[in-house]
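Chemist: Questions regarding the structure given below will be posed in turn.
The values are calculated or read from the model by the stated rules, or taken from the named source; none is laboratory data. Owing to the predicted nature of the structure, the values given are computational and were not obtained by experimental measurement. Note that each Cβ is placed from the backbone with ideal geometry, even for glycine, and that neighbours are counted across all protein chains shown. Accessible surface areas use protein heavy atoms only, side chains included; no ligands, DNA or RNA. Shrake-Rupley method; radii C 1.70, N 1.55, O 1.52, S 1.80 Å.
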Amino acid sequence: MSSTAMFTVITPSEWPAAPKMWHFSLLKEIETCPKQWALTSAEYPNLWDGHGYPPMANPRALAGQTVHATVSSVCNALSEAGCSHLSDVEVIQVLRKMGGFTAILTETIDRILDRQRSNPRMGHLIERFRNDLVQDIPAMRQQVQRHLNRISLIPRASSLTGAPHGGKLWGGSYHELRLRDDSVSFVGIVDLLQIENRRCTIWEFKTGVPSDQHSEQLRTYALLWAADKERNPDGIPVSRMLLSYDDHVEDVAPPDPDTLSSLRVDLLKRREAALAAVSSTPPVANPVPEHCRFCSVRQLCSEYWVARMKWQEEGDGTWVDIEVKVGASRGPRSWDALVVAATGIPKETPVVLVLAQTISHTVLQKGMHVRLLNVRQGETEGVITVGISATTEVFGID
Ligand code: SF4
């Protein structure tokens, strides 16, 4: 019998220091909710050996990571072998050497999941996630091929390879390339940067739905490329920027010099505002349904549990979070409970907690005060039911 992990709602013993070096996702995270950044980045030595709060990923996000990492590694191998397109005859040799797409995807899945084995929130779900991901390999393989088919790689001549770990870049394709601008304390890792005939093209591979943030991210990379005197000492301009999605490619207009200047000013202002936002301890929370729903530390955030009582029902109203006080047992797998905080259910409303067969019944006991993430809410004969499954997380409140 598998068991839903049981944790305690804890407060960081020490809030994190403000970041010294910035990147696009960090800036967006702090702009979205400073407290989320602080709760995620604080250390929890009594919980695990890793840094920050242990993250929770779902199979969809893990599939996206797998596709992204596979596109990157195949792209890199093809570039190094001097291939320019997936249809080149040499590609078969390169892919055979790597074991073929299925083997590459399987290895990537295992590598990504291995990083989570010591994660107390995910450890018990690894095999389940692995099975789901392996079943998804045919679809992921098609996604990888769609991305790769769009790219014309520019081989790196060995004598003109430049220095992938530092130094001026010459003509060629560079993957997972780190750019930095120390004057704004910003770094960025570009999925694919290509230089040919003094023209630079930047690609980003996206596995989710299109978003304005993606073009904003590309513009930030163009800014870093323009300012990176080590990688781009000759000031080669970005002439094309592309976002590769599963079913289409979007061209994003590269910024001209004037636009780059205003982007730089804007970035500095935003960085200063973000620094100010994380200077208080704890930083301010910004509870809004569209962000909190995906927040991996919402169980620790008191503002979220207060705010969600005023929100409208989320999604289709079936998979939700709820805070309850557990009452008497109704049977081996069900308990009475009273609502403390929920969306669309008043405080003190009686509900019935129902455990899935696969969950150990010891996870809940009378008298517990718990926050339950990802429960299935339903109704049977006028009684609200709260279904607890293997993907539900239970957080006790002392
Ligand atoms: S739950 Fe919402 S308000 Fe709380 S830290 Fe997360 S994103 Fe911020």
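Chemist: In whole Hz and in residue order, list the ³J(HN,Hα) couplings for the stretch 274-288 that follow from phi through the Karplus curve 6.51 cos²θ - 1.76 cosθ + 1.60, θ = phi - 60°; x for Gly and Pro.
Modeler: Once θ is set to phi - 60°, the couplings for the stretch 274-288 become 5, 4, 5, 5, 9, 7, 8, 10, x, x, 5, 8, 10, x, 9 Hz.
Chemist: Work through the residues other than Leu223 whose Cβ is under 10 Å from its Cβ and net out their charges, Lys, Arg +1 and Asp, Glu -1.
Modeler: With Lys, Arg at +1 and Asp, Glu at -1, the net is -1.
Chemist: Right, next: Normalised by the number of residues in the chain, what is the relative contact order in percent for Cα pairs under 8 Å and 6+ residues apart?
Modeler: Answer for the chain is 18 percent.
Chemist: With every protein chain left in place, what is the accessible area of Met6 in Å² (1.4 Å probe, nearest 10)?
Modeler: Result for Met6: roughly 80 Å² accessible.
Chemist: Loop-only trypsin sites (Lys or Arg not before Pro) in the stretch 172-206, please: DSSP not H, G, I, E or B, and at most 13 other Cβ atoms within 10 Å.
Modeler: Hits after loop and neighbour filter: Arg198.
Chemist: Computing the accessible area with a 1.4 Å probe over protein heavy atoms, can you report the carbon and sulfur percentage for the stretch 54-153?
Modeler: 48 percent
Chemist: Another question, if that's okay. Starting from the Cα coordinates of the chain, work out the convex hull volume and express it per residue in Å³.
Modeler: Here the figure is 158 Å³ per residue.
Chemist: For the stretch 54-153, what mean projected area does the convex hull of the alpha carbons give, in nm²?
Modeler: The directionally averaged projection comes out at 6.3 nm².
Chemist: Set Lys and Arg Cβ to +1 and Asp and Glu Cβ to -1, take the dipole of the stretch 54-153 about its Cα centre, and tell me which of Gly82, Met98, Leu62 lies farthest positive.
Modeler: Leu62
Chemist: Right, another one. Over the chain, what is the percentage of antiparallel beta bridges among all DSSP beta bridges, to the nearest 5?
Modeler: Here the antiparallel bridges make up roughly 75 percent for the chain.
Chemist: Please state, rounded to one decimal and in Å, the Kirkwood hydrodynamic radius that the stretch 289-396 gives when every pair of distinct Cα atoms enters the mean of 1/r.
Modeler: Evaluated on the stretch 289-396, it is 13.8 Å.
Chemist: Which residue, Gly52, Gly64, Gly166, has the most motion in a Gaussian network model of the chain that connects Cα atoms within less than 10 Å?
Modeler: The residue that fluctuates most here is Gly166.
Chemist: While we're on this one: Can I get the semi-axes of the stretch 158-276's equivalent ellipsoid? Compute them from the C-alpha gyration tensor as square roots of 5 times the eigenvalues, in angstrom, largest first.
Modeler: Those come to 22, 19, 13 Å.
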